[in-house]
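K.L.:
Below: one structure in structure tokens.
The values are calculated or read from the model by the stated rules, or taken from the named source; none is laboratory data. Remember, it's a predicted structure, so these values are computed and weren't measured experimentally. All Cβ positions, glycine included, derive from the backbone under ideal geometry; neighbour counts span all protein chains shown. Quick note on the areas: whole protein, heavy atoms, side chains included, nothing else; ligands and nucleic acids left out. Shrake-Rupley method; radii C 1.70, N 1.55, O 1.52, S 1.80 Å.
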Amino acid sequence: MAVPAERAYYRFVVLFFNCLLTFGSYFCFDIPSVLQDQFQGNLTCVNGSHPNGTHGDGCVEGLGMTPEQYNLLYAIYAWTNALVVIIAGFLIDKLGNRFGLFLFSSLTVVGSSIFALGSHFKGSPYLLPLMLTGRLLFGSGNGSLTIVQNRITAFWFKGKELALAFGLTLSFSRLGSVLNFFLTRRFEDQFGIQWTLWGGTILCVMGLLSAITVSILDKLGMKQLGLDGTIQEESKKVRVQDVRRLPLRYWLLVLTIMFFYNGIFPFVADASKFIQDKYEGYDQQTASYIAGAVYDSSLVLSAAVGILIDYIGLRGVLAFLCAVLTLPVFALLAFTFVPPLVSTLWLGVTYSFAAASMWPSIPLVVPQATLGTAMGLATSVQMIGIGLSNLIVGRILGTKSSEAKIPLWRWQQMMIFMLANTIACIIASVTLNIVDKKQGGTLNKMTKRRPQPEEDSREESDRTPILNEEDDRRSIN
């Protein structure tokens, strides 16, 4: 009789709590995007305040950041991820999922706490250093936590409903982002920016509790399957040198991911203000809703897209199509006055397909034992790109306080920069498909299928490290 861990319901219970890991941290991540006016608002306003937070002269009272300082909050998050996730991925492979779950979920709590604390030092020289420190620690935890999350998902769903599981994980994360865009502005109106940021911290605490639950389920499940000791032994064999043996397809996949995300996160970070500055008749709340439509689409579509990709495969082809179909989005935003909701919904659809096709492809081209390292490197390269993009966008938009509208020519330059990244993504994805076809077309095959004997042996071999003595002998010969 099958043990509980072998039954389908068990892996979906693991998946449920695994999805909750990053719900709160994704909510926290984009709070500055919703409250960009408050972060960049004046320290004081002369006239009385209106109920919507603006003042008689159009002044918005806030923390007094410049656009460059505001974008630095996102850049430092990305760069911290870029540095930490490489080490984090290796440590997860060596020390296991439970170690990573507790450490990195704790860092999100500490980081979001310091970020919220910094807002209490409005007008002082301590505000920016504290908030940057908070984002640094938050980034150290959140990016690395996603690696553990993906590693657990890949272990429990490899050869099964892999894209569906990744899609559901993304949906729960994006639910946090969506709720942030719908609720944060109203909450800030009632309680102020400080309590809003502390509310985000409370959600991160919920993620820590979910991490403890996932740890228990993962440990019990692996013991029931008799794999706990085996995986621990294999993890001890993982070495830093394994990175040299990661295949070319992996690196092309990483570049495809980086260039695509360079056009998503930096755009969303500034989308609310962009909509208010370019289009007539949009207040801050409405602009936040429209900017959040990118995540709304992802929330609704990710699970269904995951099921579709499990059955049709074509991950490499879909990565290429997503990049091609994203080009019109930034073209519309740069050169037309088509309602922005059209572009954000459109971008959300391509983002859903991209995320469900690109990230689940990584476990298909690297072994399970080194998946954490591979995910860490992928996240690192992604975050380096996003961090540089945030800095470039901040420089394009200007270094002066944004009390007035940012000139439209600056916004247009930003969208052209997004277009350039999307074109680079197209080039990377074309190369990826060419190389993948020459090496067996793994990325464009279905994941969910009946396991055959040779596939069982392949999955067993996937649990071994990339680099071992036998591999060394083959490479020498």
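K.L.:
If we count every other residue with Cβ under 12 angstrom of L432's Cβ, Lys/Arg +1 and Asp/Glu -1, where does the sum land?
P.N.:
Counting the neighbours of L432, the net charge comes to +3.
K.L.:
Please sort by residue number the chymotrypsin sites (Phe, Trp or Tyr not before Pro) in region 320-379 whose DSSP state is loop and whose Cβ has at most 10 other Cβ atoms within 10 Å.
P.N.:
Here the sparse-neighbourhood loop sites are F337.
K.L.:
Let me ask another. Where only protein heavy atoms count, and the probe is 1.4 Å, what is the accessible area per residue for region 362-444 in Å²?
P.N.:
Roughly 39 Å² per residue, with all protein chains present.
K.L.:
So, one more: How big is D, in µm² s⁻¹, for region 116-216 by Stokes-Einstein at 25 °C and 0.890 mPa s if Rh is the Kirkwood radius over C-alpha pairs?
P.N.:
Answer from the Stokes-Einstein relation: 156 µm²/s.
K.L.:
Charges at C-beta only: +1 for Lys and Arg, -1 for Asp and Glu. How large is the resulting dipole of region 105-216 about its Cα centre, in Debye rounded to 20?
P.N.:
For this selection, approximately 180 debye.
K.L.:
What's the Kirkwood radius of region 333-448 in Å, using all Cα pairs?
P.N.:
After inverting the mean inverse Cα-Cα distance, the result is 17.2 Å.
K.L.:
Could you give the radius of gyration (one decimal) and Dmax (whole number) of the Cα atoms in region 21-173, in Å?
P.N.:
Rg and Dmax of region 21-173, Cα atoms, are 18.6, 63 Å.
K.L.:
Checking the a/c ratio against 1.5 first, then a/b against b/c, what shape does the Cα gyration tensor give for region 333-390?
P.N.:
Because a/c hits 1.5 or more and a/b fails to exceed b/c, region 333-390 counts as oblate.
K.L.:
Distance cut-off 22 Å, Cα to Cα: go down the list K160/K438; K94/K160; K94/K219; K158/K445 and report the pairs above it.
P.N.:
K160/K438; K94/K160
K.L.:
Relative to the present Cα-Cα distance, how much length would full extension add between R395 and V324 at 0.36 nm per residue of separation?
P.N.:
Gain on stretching R395 to V324: 22.9 nm.
K.L.:
Please report, in debye to the nearest 20, how large the charge dipole of region 237-389 is about its Cα centre when each Lys and Arg carries +1 at its beta carbon and each Asp and Glu carries -1 there.
P.N.:
With Lys and Arg at +1 and Asp and Glu at -1, about 820 debye.
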